Amino acid sequence: MTYTAITVVAVLAAVALDRWAARTRLTTSGTWWASYGIIVVFQLLTNGWLTGRGIVRYDPDAILGSGTVTLVGDGRLVYAPVEDLAFGFALVLTTCVAWVWLGRRSNEESGEPAAEPASERKE
Amino acid sequence: MSVPHWSYVAMLAFCLVGTLPLVPAFRLRVLRQPTRLLLTVVAVGSPFLVWDLYATRSGHWRFDAAQTLPWRVAGLPLEEIAFFVVIPLVAVLTYEAVRVVRRPGAARRPPQRREVR
């Protein structure tokens, strides 16, 4: 499988885990999307460092773009293959799902205000 | 080792320097739950490390020896393994900080209230 194909599987698996397996439903919460929005900006910066400097180099046969490292275009965004965005999305979502799921199991989140409105519980 | 060998380490350090201050700033109870944190890192890091090993062996990507430290574990630089500890930690800290900010009445609540366990 190419990197492109695996990232598609990883994103679908992460969303399925969140929605149906762990039922954390973070992808329906504004809090998670706000968190991801912050993280993705820094991912572009740090991943741009890793890829722009050639600390990590990609096989052109495994990605959508060619092997040429460009700022934007040719399947790249801030030097990194666009696949890295999907990789990061899957990694961050899976992490938060595991964290929240484990917290619910150990009742670590019982510190939540009991009177929290139902509409906010989805957070 | 020359300075360029620390290039990948620098990126990981940047991530930690940027997010660890969230713990005191928002009085996060993340590091105080080491078991939950460790389980999260292991549960999530493991499958992604397997993916990384597969991708590296398949040649999907490779690491510049001149910009990483010399140590390798199963062909991966130590930094790449640390990546799967640092990024989950960064994700949890960011998520928990955003949760505090978005909590109803968070701005008005005295900060010491959150220390009650």
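The values are calculated or read from the model by the stated rules, or taken from the named source; none is laboratory data. Being a predicted model, the structure only gives us computed values, none of them experimental. Glycine also receives a Cβ, built like all others from the backbone with ideal geometry; neighbour counts cover every protein chain displayed.
Kindly list, by first and then second residue, each pair from a residue in the range A:57-68 that is over 16 Å from B:THR56 (Cβ atoms) to a residue that is surrounded by 13 or more Cβ atoms within 10 Å (Cβ to Cβ) and of a type in the set (Phe, Trp, Tyr), limited to pairs with Cβ atoms under 9 Å and residues at least 6 apart or on different chains. Matching pairs, first to second residue: A:LEU64/A:TYR3; A:GLY65/A:TYR58; A:GLY67/A:TYR58.
Each residue in the range B:62-85 was checked for being in contact (Cβ under 8 Å) with a residue 12 or more places away in the chain and assigned to a helix (DSSP H, G or I), and 9 of them qualify. Here the range A:7-23 is the region considered, the condition is being within 11 Å of another protein chain (Cβ to nearest Cβ) and among the β-branched types (Val, Ile, Thr), and the residue that is surrounded by the fewest Cβ atoms within 10 Å (Cβ to Cβ) is A:VAL9. Selection of the range B:74-93 for residues being over 10 Å from the mean Cα position of the chain (by Cα) and at pLDDT 95 or above yields B:LEU76, B:PRO77, B:LEU78, B:GLU79, B:GLU80, B:ILE81.
Which residues, counting only those in the range A:54-68, are surrounded by fewer than 18 Cβ atoms within 10 Å (Cβ to Cβ) and closer than 28 Å to B:VAL3 by Cα? Can you show your working first?
Residues of the range A:54-68 surrounded by fewer than 18 Cβ atoms within 10 Å (Cβ to Cβ): A:54, A:57, A:59-61, A:64, A:66-68.
Matches in the range A:54-68: A:GLY54, A:ARG57, A:ASP59, A:GLY67, A:THR68.
Taking the range B:1-61 as the region of interest, the helices (runs of 4 or more DSSP H) fully inside it that hold 2 or more residues being within 11 Å of chain A (Cβ to nearest Cβ) and buried (at least 16 other Cβ atoms within 10 Å of the Cβ) are B:7-19, B:34-58. The set of residues from the range A:24-60 being closer than 15 Å to A:CYS96 by Cα, of a type in the set (Val, Ile, Thr) and more than 9 Å from chain B (Cβ to nearest Cβ) comprises A:THR24, A:THR27, A:THR28, A:VAL40. The set of residues from the range B:15-29 being in contact (Cβ under 8 Å) with a residue 12 or more places away in the chain and over 12 Å from the mean Cα position of the chain (by Cα) comprises B:LEU22, B:VAL23, B:ALA25, B:PHE26, B:ARG27, B:LEU28, B:ARG29. Scan the range B:73-110 residue by residue and report those that are under 24 Å from A:THR2 (Cα atoms) and touching an Asp or Glu at 6+ places or on another chain (Cβ under 9 Å). Listed by number, the residues that qualify are B:VAL73, B:LEU76, B:GLU80, B:ILE81, B:PHE83, B:PHE84.
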